[in-house]
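See below for the structure under consideration.
The values are calculated or read from the model by the stated rules, or taken from the named source; none is laboratory data. Quantities reported herein were computed from a predicted structural model and do not represent experimental measurements. Note that each Cβ is placed from the backbone with ideal geometry, even for glycine, and that neighbours are counted across all protein chains shown. These accessible areas exclude ligands, DNA and RNA; they are computed on the full protein's heavy atoms, side chains included. Shrake-Rupley method; radii C 1.70, N 1.55, O 1.52, S 1.80 Å.
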Amino acid sequence: MSDIWDFFQHLFNPRWIFFYFGNTALFILLAIVFAETGFFIGFFLPGDSLLFTAGIFGKDLCKNFYNVPFFVIILIVAGVAILGNMQGYWLGYKSGNLLYKKKDTFLFKKKHLLIAKLFYNKYKTTALIMSRFLPMFRTFAPIVAGAIRVDFKKFMIYNIIGALAWTFSIMLAGHYLDRRFPELKNHLEWIVLLIVLITTFPVFLKLKIRKKKKVLI
């Protein structure tokens, strides 16, 4: 039980995950990516910062996984992200209406689902690409797509594009920035905080502007 508690305490410290799990860090990364995009409780998981850190520790990931090239690692992560969105779509397709009636719990907030629906209604299927780079939306966009019965073929096209764009851009950024600035490893906490601010600030700003417009109306 103490080990499980320690894991959740350090869950937002990607560096700890790669050091603590060592050879199995890739599988922890894949599990988190899948959970974040495949289940509505995954919105609190550190997807962006974890991918960036995975790029920094790319050499170790390759070494611990049969010495495959780094782009193979990225493709594996992208594949799991695609599967996660498919799981989210299926969840929304099967129980979307029930989720809208579900009471709030510690892990589920209906307002997140409603905000994601507004986001999806505005940007349509391209929201599946944009949401990859936005915490919370990344979790709920595929669920909304399933709930409103988006054509599955169209969903898969944007699902694949979004997953590839998300994983390659963030993991390669971490990989090449580490090669250019090796001292990045010593400041990961600040980098993670910066990533969180960059990815969440536009969302809160948009919501604040929308709220002001409603007040004026």
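For (1) modelled with pLDDT of 85 or more; (2) among the aliphatic types (A, V, I, L, M), each residue gets a yes or a no:
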{"position": "Phe137", "(1), (2)": "no, no"}
{"position": "Ile148", "(1), (2)": "no, yes"}
{"position": "Phe152", "(1), (2)": "yes, no"}
{"position": "Ile161", "(1), (2)": "yes, yes"}
{"position": "Phe181", "(1), (2)": "no, no"}
Single condition Phe155 does not satisfy, out of (1) in contact (Cβ under 8 Å) with a residue 60 or more places away in the chain; (2) touching a helix residue (DSSP H, G or I) at 6+ places or on another chain (Cβ under 7 Å); (3) surrounded by fewer than 18 Cβ atoms within 10 Å (Cβ to Cβ) | (3)
Go through segment 116-125 and give me each residue that's open to solvent by 10 Å² or more (accessible area, probe 1.4 Å) and in contact with a Phe, Trp or Tyr (Cβ under 7 Å, 6 or more places away or on another chain).
-> Phe119, Thr125
Just for helices (runs of 4 or more DSSP H) wholly inside segment 52-150: which have at least 3 residues that are closer than 29 Å to Leu26 by Cα and among the small types (Gly, Ala, Ser)?
-> 70-101, 137-147
Condition met for Leu29 (modelled with pLDDT under 90 and touching an Asp or Glu at 6+ places or on another chain (Cβ under 7 Å)) = no
Any residue in segment 70-85 that is modelled with pLDDT of 90 or more, open to solvent by 30 Å² or more (accessible area, probe 1.4 Å), aliphatic (A, V, I, L, M) and more than 18 Å from the chain's Cα centre (by Cα)?
-> yes
Has segment 93-115 got at least one residue that is of a type outside the set (Asp, Glu), surrounded by 21 or more Cβ atoms within 10 Å (Cβ to Cβ) and modelled with pLDDT of 75 or more?
-> no
Scan (1) at pLDDT 75 or above; (2) open to solvent by less than 70 Å² (accessible area, probe 1.4 Å) for the single condition Leu45 breaks and write down its number.
-> (1)
